[in-house]
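*Asks:* One structure, as structure tokens, below. Some questions next.
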Amino acid sequence: MRIAVAGVGKRSVKVLAYLRAAMPEMRIVGYVDPSPRLVPELGEPGVIKAFDTVEVMLAQTQAELLFVGSPNHLHLDHIAAGLRAGIRVFSEKPIVTTHDQTWALADLLAEYGSERLMIGLVLRYAPQMKDLRRAIAAGHLGKIVSLEANEHIEPQHGGFFMRDWRRYTAYSGGFMLEKCCHDIDLFHMITGSRPQKVASFGGRRSFTPENAPTRNSEMALFHQTPSLWETTDDPFRSDADIIDHQTAILSFENDVTMSFHTNINTPDQSRHFCVIGTRGMAEGDLQRGYLRVTAAQTAERLLDIDYTQDPDLQVDHYGSDRQMALELADFLRGDIVRLPVSVVDGIEAGLSAMALDQARTTGQIVDLTQIWERLDAYGLRNPVPAHAV
């Protein structure tokens, strides 16, 4: 498997390392990156050839897969280059950053086929999510009624966001899209539906000048994660236009309701979810490593799993990075015909994130009915319910 890489950042290096372990026959044949500091970490023996553009790289390398790990606003152009070159493409999330890019991508998929594009929404590969899907399919929850969830992120990671290129909405698409599209995709999967109406509130209140540490030793906390491109030094006085906290409420097409909260200055991290149905509930936390399923009428504990005992599940998205690489390798070899997450799932998660930010900035409830009608007109959706995968 000959792989060409667009964007050699921390995420690309990590995912490609897991993919190499799962697929020793892979070879990286070229890369495009204006700041290639991490190229030596790709683990490729010998010198990997650098190219100025993705198009030239694909024309000269005979690559079979294009790995897109570039900044978010460049994904569409790089995906388009791969599809037009006639090869398969893997893109990190979020797949695109605006509505215009969404419809341009839908046009590309209608022309070249959605099966050639894979998306890095890695949390569907998490063991908690696999077990939760099985519990839902077994009928333990009955009909889903409502849910709540959060993503509480540690201050050092929040500081990274405020120093990195991700601080610019023009590059990242905004914090909700960049960081929480994973979670939104899980909500779609759990409910087997999409949001119809959303409201949202939030802003920037923690990473502001008046909250800046006064000691260098305290500021060092916010520099633990290095930034590689478009870096600024002080996360409290940066020119970031993203937010640091957001609260959202969503009403889905199938009448499920939910609330979601995120904050990037939370010292005790969590990624909690609670799903309540007519016959039972499921509660868990990806960060803290547990899942419990309880019957509604008897309070019988149907499932109680502690994932913290497995060290492989304590790193790299709770073990999901490794699992995604294993399944990607099987898919690329033709050993399996389908992955747990599709490019259409990625598009839908992105559109929901954009709607939440529209609701936040306008102060209005946003109705997605016409958005879904436009997307569905392309005929790209997978007819199998997401939670049945």
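The values are calculated or read from the model by the stated rules, or taken from the named source; none is laboratory data. What you see is a predicted model; the values in this text were computed from it and never measured. Because the Cβ atoms are built from the backbone with ideal geometry, glycine has one as well, and the counts that use them run over all protein chains shown. What goes into the accessible areas is simple: the full protein's heavy atoms, side chains included, and nothing from ligands, DNA or RNA. Shrake-Rupley method; radii C 1.70, N 1.55, O 1.52, S 1.80 Å.
*Asks:* With an 8 Å cut-off on Cα pairs and a minimum separation of 6 or more residues, tell me the relative contact order of the range 1-112 in percent.
*Replies:* Normalised by residue count, the contact order of the range 1-112 is 28 percent.
*Asks:* Give me the one-decimal nm value for the distance between modelled label points at A220 and A21, 7 Å along each residue's Cα-to-Cβ direction.
*Replies:* The modelled label-to-label distance comes out at 3.0 nm.
*Asks:* Ok, one more. What length, rounded to one decimal in nm, is gained on full extension from E148 through to V47, with 0.36 nm per residue of separation minus their alpha-carbon distance?
*Replies:* Taking 0.36 nm per residue and subtracting the Cα distance, the gain is 31.5 nm.
*Asks:* List the residue ranges in the chain for DSSP H helices whose C-alpha atoms run 18 angstrom or more along the long axis and whose Kyte-Doolittle average is 0.5 or above.
*Replies:* Details: long enough: 10-22 (19 Å, 0.19); 99-112 (20 Å, -0.24); 175-191 (23 Å, 0.56); 320-333 (19 Å, -0.29); 343-362 (28 Å, 0.41).
Flagged H segments are 175-191.
*Asks:* Shifting gears a bit: How would you rank 28-40, 156-168, 274-286, 342-354, highest first, on the average number of other Cβ atoms within 10 Å across their residues?
*Replies:* 342-354, 156-168, 274-286, 28-40
*Asks:* Same structure, new question: Can you find, among G277, Q246, G82, the residue farthest towards the positive end of the dipole of the chain? Put +1 on the C-beta of Lys and Arg, -1 on that of Asp and Glu.
*Replies:* About the Cα centre, the residue reaching furthest to the positive side is G277.
*Asks:* A follow-up question, please. Once the cut-off is 35 Å, how many percent of the Cα-Cα pairs in the chain end up in the long-distance tail?
*Replies:* When all Cα pairs of the chain are counted, 25 percent exceed 35 Å.
*Asks:* May I have the count of lysine pairs in the chain with C-alpha atoms under 23 Å apart, counting pairs 8 or more residues apart or located on different chains?
*Replies:* Count of close lysine pairs: 13.
*Asks:* How far apart, in nanometres, would the label points at R84 and A138 be if each is projected 7 angstrom from Cα along the Cα-to-Cβ direction?
*Replies:* It is 5.0 nm.
*Asks:* Largest first, what is the accessible-area ranking of K93, K10, K143 with a 1.4 Å probe?
*Replies:* Greatest to least solvent exposure: K143, K10, K93.
*Asks:* With a 1.4 Å probe and every protein chain left in place, work out the accessible area per residue of the chain in Å², rounded to a whole number.
*Replies:* 42 Å²
*Asks:* Right, another one. Assign unit charges at the C-beta atoms only (+1 for Lys and Arg, -1 for Asp and Glu), then state the dipole size of the range 287-389 relative to its Cα centre in Debye, rounded to the nearest 20.
*Replies:* Dipole of the range 287-389, to the nearest 20 debye: 180 debye.
*Asks:* Counting only C-alpha contacts under 8 Å and six or more residues apart, can you give the relative contact order of the chain as a whole percent?
*Replies:* Working: 763 pairs, mean separation 81.9, N = 389.
Answer for the chain is 21 percent.
*Asks:* Still on this structure, please answer the following. Starting from the Kirkwood radius over alpha-carbon pairs of the range 299-377, derive D by Stokes-Einstein at 25 °C in a medium of 0.890 mPa s and give it in µm² s⁻¹.
*Replies:* 149 µm²/s
*Asks:* Below 12 angstrom from the Cβ of E253, what's the summed charge of the other residues (Lys, Arg +1; Asp, Glu -1)?
*Replies:* On the way: positive: R194, K197; negative: D255, E348, D367, E373, D376.
Neighbour charge sum, excluding E253 itself: -3.
*Asks:* Now a separate question. Relative contact order of the range 100-201, please, whole-number percent, based on alpha carbon pairs below 8 angstrom and at least 6 residues apart.
*Replies:* Across the range 100-201, relative contact order equals 25 percent.
*Asks:* Quick one: net charge of A329's neighbours, Cβ under 10 Å, K/R +1, D/E -1?
*Replies:* Numbers: positive: R20, R333; negative: E25, E327, D330, D335.
Its environment carries a net charge of -2.
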